[in-house]
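The values are calculated or read from the model by the stated rules, or taken from the named source; none is laboratory data. Every value quoted in this text rests on a predicted model; they were computed, and no experiment measured them. Heads up, the Cβs are rebuilt from the backbone with ideal geometry, glycines too, and the neighbour counts pull from every protein chain shown. These area figures cover heavy atoms from the full protein model, side chains too; ligands, DNA and RNA do not enter into them. Shrake-Rupley method; radii C 1.70, N 1.55, O 1.52, S 1.80 Å.
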Amino acid sequence: MGELSPATLSLRDLWPGGYTLAYTLLNISERDAPSRRSYWNKRSYWKLGLAGIFVALALSFLRWGGYLLVARNPLPARVDAAVVLQGSMAGERARIATAMTMLQRDSAERVAFSVPKESYWGEEIAPIARNYIERNYGADLASRVDFCETSGVSSTEQEAEALSACIQEHRWKTVVLVTSNYHSRRTGLIWRKTLPKRDPSIQLSVDSVADPDYQPRGWWRQRAYATTWLMESAKLVWALL
């Protein structure tokens, strides 16, 4: 018999045990393949699940995140006074209308407005404000309106301190704060820390008034609303600390 050429030599001829080893490794590889596929499939499912959760949270935040600034508490049927906090021009008009409606419905015995003592031009604010109330709501309702001077205040905390003294002077025991929706939750937090220092027996609630400058629904669609949300959210976090 002639010698076999290298081209005709097989793995079995060169290494008698190699054929068996290769076959064994091949079988192991084939058995492990489903396990590896299952492992990667599980990882893919986890990634998809996490992505789904993230999308759901993001959509929920966009849908309901604007309401994080808004206080939702039931108002008493009747209070001694509705106290209107200072705000922007558009916001103040909405707050005034809400407070005077409470007075008309007799759900508030009196209304108090937070006002500075005088304007930039040296004019007293209280007489001007009273004329506005009489002209728009009548003398009868205007006679049930008070003005609390809060000159020099530059924050909700300072206004709370000044108005707490005014509330105590009038001996009101049930008070509702009338302020804009985006300002209401932070206002409640600050006042519940401040007012009890004067008189812990005073019952306090907050009325969230719809403000033209902010809409909780779709707050991220307009730059002005989004700016208000960011600023008030930062202040709210600070008030919680």
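Per-structure values
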| read-out | value |
| --- | --- |
| Test result for Val178, of a type in the set (A, V, I, L, M, F, W, C) and at pLDDT 95 or above | yes |
| Residue match in segment 123-137 (condition: open to solvent by less than 70 Å² (accessible area, probe 1.4 Å), in a loop (DSSP other than H, G, I, E, B) and at pLDDT 95 or above) | no |
| Checking Cys166 against (1) surrounded by fewer than 18 Cβ atoms within 10 Å (Cβ to Cβ); (2) part of a helix (DSSP H, G or I), the condition it does not meet | (1) |
| Single match in Asp106, Asp80 (criterion: part of a loop (DSSP other than H, G, I, E, B) and within 25 Å of His170 (Cα to Cα)) | Asp106 |
| Residue check for Val176: within 22 Å of Ala90 (Cβ to Cβ), open to solvent by less than 20 Å² (accessible area, probe 1.4 Å), in contact (Cβ under 8 Å) with a residue 40 or more places away in the chain and aliphatic (A, V, I, L, M) | yes |
| Selected residue (criterion: modelled with the highest pLDDT) from residues of segment 109-122 that are open to solvent by 60 Å² or more (accessible area, probe 1.4 Å) and of a type in the set (Phe, Trp, Tyr) | Trp121 |
| Only listed residue being without any contact (Cβ under 8 Å) to a residue 24 or more places away in the chain, basic (Lys, Arg) and in a loop (DSSP other than H, G, I, E, B), chosen from Arg217, Arg221 | Arg221 |
| Subset of segment 200-210 (residues that are open to solvent by 30 Å² or more (accessible area, probe 1.4 Å) and either under 21 Å from Ala165 (Cβ atoms) or among the aliphatic types (A, V, I, L, M) (or both)) | Pro200, Ser201, Gln203, Leu204, Ala210 |
| Residue ID - farthest from Lys117 (Cα to Cα), chosen from residues in segment 63-91 that are among the hydrophobic types (A, V, I, L, M, F, W, C) and open to solvent by 60 Å² or more (accessible area, probe 1.4 Å) | Trp64 |
| Odd one out for Tyr182 among (1) assigned to a loop (DSSP other than H, G, I, E, B); (2) open to solvent by 20 Å² or more (accessible area, probe 1.4 Å); (3) in contact (Cβ under 8 Å) with a residue 24 or more places away in the chain | (1) |
| Residues located in segment 211-241, provided they are under 14 Å from Thr187 (Cα atoms), open to solvent by 60 Å² or more (accessible area, probe 1.4 Å) and either among the hydroxyl-bearing types (Ser, Thr, Tyr) or more than 12 Å from the chain's Cα centre (by Cα) (or both) | Trp238, Leu240 |
| Selected residue (criterion: nearest to Ile167 (Cα to Cα)) from residues of segment 126-155 that are touching a strand residue (DSSP E or B) at 6+ places or on another chain (Cβ under 8 Å) and without any contact (Cβ under 8 Å) to a residue 24 or more places away in the chain | Ala126 |
